[in-house]
Amino acid sequence: MNYLHDIQAFLPGVIIAFTGLITILLESLKRDVRTMYGVSAAGVLAALIAAILSSTSEGGTAFTDAIVYGGWSSFGQVIILIGTLFSILLSADYLKSKSLHFGEVYAMILFASLGMLVLAASNHLITLFLGIETMSVALYVLAGLMHYRKTGAEAALKYFLLGAFATGFLLFGIALIYGSTGEMTLTSVAAAASPTPLFLAGSGLLLTGIFFKIGAVPFHMWTPDVYEGTPTTLTGFMATSAKTASFVAFALILVRMVPETSYESWQSVIQVIAILTMIVGNVIALVQENVKRMLAYSSIAHAGYLLVGMASGGYSAVLFYLFAYTIMNLGAFGVIAYFERTKNFDFTSIESYAGLGSRAPLMGVLLSVFLFSLIGIPPFAGFMGKYYVFASAVQAGMIPLAVIGVLASAASVYYYLRVMVYLYFKPEHKPVHLEKASVLFTATLILLAASTLYFGIEPLVSVTDLFGFVTGISP
Amino acid sequence: MIGIDWYLALSAILFVIGIVGVLIRRNAIVVFMCVELMLNAVNLALLSFSAYHGDIGGMILVFFSLAVAAAEAVVGLAIIIAIFRNHLSVDILKVNLLRW
Amino acid sequence: MLASYVPILVLFGVAFALALVLMTLSRIAGPYRPNKIKLDPYESGMDPVGQAKERYSIAFYLVAMEFIVFDLEVIFIYPWAVGFRDLGVGTFYAMVVFVVILFVGLFYTLRKGTLDWDMKSLKHQAMKL
């Protein structure tokens, strides 16, 4: 075994793990929280650079075929790390105002991020399981951060019990796949698999576990409750990075593990789930009164659009969508986190946003940019993402799927625009004193909004380049 | 000699008992115990497959699954204590503030 | 077939005899000054008589949680130790990394005071949880 090669192949993850340990050590030495904040942000930035460098390199496998690196998988890591970095940058002010600003929060974000990186690079069923669990256990802790509140503790309990339940299914699926093939490396499974009942049951259970993690209908019930009870910036982290990691792992399984003989049956299952997810997510989002719950159902709907891409094999479109989704969704959660910092006023219901557009002009404009992008209106990145995903469905001949997707996203216009109607066209209830946002916080949000616009006009990685990534690590 | 079928049957039965327990029990700690039962049923299946194939991979996964179950137990018990402090009960039907 | 179990039977016999001999010896040779506490049945540091539905200190949960985690990490060290001869020196460094990570965790719990058992820090922890 060549350890240096292995470590270099998984450099982003190694950097994140190391930074996490340093953060825990600093917390043990009772250093100021700002030190941990700075260290973790710097560590994630370093890992991000490593991942970007690695994404253009020749792909391969490392750690005796346990992980893949390079190209496509590394681009997934880039998205995850972007999500982590911006979550950390946005978190400091918000957590301080909720007196939740502990060093452990950053350590947990880093460990969750490490799990996601492992997940996005998994080439082996054990690494897949470990990645999912490292991510989930750290996220359970983050969900329970507001445990002194009834809603916070409830969110953590629901997330934990349902998550552990789903883990049981995932693990049983892994066991059955292992039992029917005697292999655990994804490519060897594909080579040894035959459509026996054992293998089919195993893949069904594995799919169930993954659908739970990406919040697809009918395994979505935890999403709104958990999103509502979790501190807002960390909700953004869960909604973006965790989803990206699960989708990249899902794509790795589809490309590397599913044997050609059973690919079509997987495809049809994913299509059905995609349709259900898009419809249920968008319809229930229409009646939400709480902004965070509305964004939770919208994230379910976005998982549906992403599944359209997965079903039609447009993995590069899915990757671009995940990238666009990460920046715009984090931005939206960031603005909500800003409003929530206001003392003595509950900024969770949509009605409480009445008249804020003129009171906080900059934040109003930023929120509008992110919401327009989430709708998928042309000059923004969200539009390009949706366009690529639906285009890949049309190319694969899945016209009904694309039609349902477009109709569902047309319905989504209502609930996103409703927030903006309240922002700009409704009179203020009573004057509230809004806190001033720090320069770094505002700058982060402006950067996110600017990139939402930039990547909408000029998608940096064109789809053909991304297809190159996909073939780069295919078996 | 006991064949692999018996181990798998036992594992499947334990797994189903776990699922049923999660679905019908109301005490959060019992629900959590049922989840652990599911994980251990899987461990049994993995070990018997591992012996059947003469391959060590399954056993290694069992190690990891045990360690993960321990980490989950730690976090889970802490969350259940937090629930108890808020509601003075661990009945999951009383944990119902968030819905729709 | 059954004959191969004879050594185990012998082992049982030896163990039993040894225990008997040691207990009689200590009774004969050692000083014998009984009091109430010494004669109580040992019950893991708890009062053996009384209500079973007592409220336990939060410290028990914390130590139990830490015990589970650190106890289970050993399952990674045992197989490594058994196979070390074949695995090579490289795995030694890998295991050093693993143990260092464990030590960071231990150091954290130590500094956070979860292993302190005096009344003051116990109350402090109970407030925090």
When you scan segment B:49-74, how many residues do you find that are facing chain A (nearest Cβ under 7 Å) and surrounded by fewer than 21 Cβ atoms within 10 Å (Cβ to Cβ)? 6
Is one or more of the residues making up segment C:38-48 out of contact with any Pro (no Cβ under 9 Å at 6 or more places or on another chain) and modelled with pLDDT of 70 or more? yes
Cβ-Cβ under 9 Å pairs, at least 6 apart or on other chains, segment A:29-47 side free of Cβ contacts under 8 Å to residues at least 12 places away in the same chain and at negative phi, far side surrounded by 14 or more Cβ atoms within 10 Å (Cβ to Cβ) and among the charged types (D, E, K, R): A:LEU29/C:ARG111
Need the failing condition index for C:GLY105 against (1) closer than 28 Å to A:PHE111 by Cα; (2) out of contact with any Leu (no Cβ under 8 Å at 6 or more places or on another chain); (3) modelled with pLDDT under 85, just the number. (3)
When you check C:GLY90 against the structure, is it within 14 Å of chain A (Cβ to nearest Cβ), more than 22 Å from A:THR23 (Cβ to Cβ) and at pLDDT below 85, yes or no? yes
Enumeration of residues in segment A:229-240 that are over 13 Å from A:GLY215 (Cα atoms) and buried (at least 24 other Cβ atoms within 10 Å of the Cβ): A:GLY229, A:THR230, A:THR232, A:THR233, A:LEU234, A:THR235, A:GLY236, A:PHE237
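Quickly run through segment A:1-40 and pick out the residues that are small (Gly, Ala, Ser) and surrounded by fewer than 17 Cβ atoms within 10 Å (Cβ to Cβ).
Result: A:GLY38, single match.
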Scan segment A:58-68 and tell me whether some residue there is of a type in the set (D, E, K, R), touching a residue at least 60 places away in the same chain (Cβ under 8 Å) and farther than 28 Å from A:PHE333 by Cβ. yes
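Per-residue answers, yes or no, for (1) surrounded by fewer than 24 Cβ atoms within 10 Å (Cβ to Cβ); (2) facing chain B (nearest Cβ under 9 Å); (3) more than 16 Å from the chain's Cα centre (by Cα):
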site: A:THR84; (1), (2), (3): no, no, no
site: A:PHE102; (1), (2), (3): yes, no, yes
site: A:TYR106; (1), (2), (3): no, no, yes
site: A:LEU128; (1), (2), (3): no, no, yes
site: A:LEU139; (1), (2), (3): no, no, no
site: A:MET146; (1), (2), (3): yes, no, yes
site: A:LYS150; (1), (2), (3): yes, yes, yes
I'm trying to understand the selection: among the residues of segment A:284-314, which are within 14 Å of another protein chain (Cβ to nearest Cβ), more than 16 Å from the chain's Cα centre (by Cα) and closer than 23 Å to A:THR208 by Cβ? A:ILE284
Does B:ILE79 satisfy the condition of being within 8 Å of chain A (Cβ to nearest Cβ), surrounded by fewer than 19 Cβ atoms within 10 Å (Cβ to Cβ), assigned to a helix (DSSP H, G or I) and at pLDDT 90 or above? no
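The values are calculated or read from the model by the stated rules, or taken from the named source; none is laboratory data. Because the structure is predicted, anything quoted here is derived from the model rather than measured. When we count neighbours, we look across all protein chains shown, and the Cβ atoms used for this are built from the backbone with ideal geometry, even at glycine.
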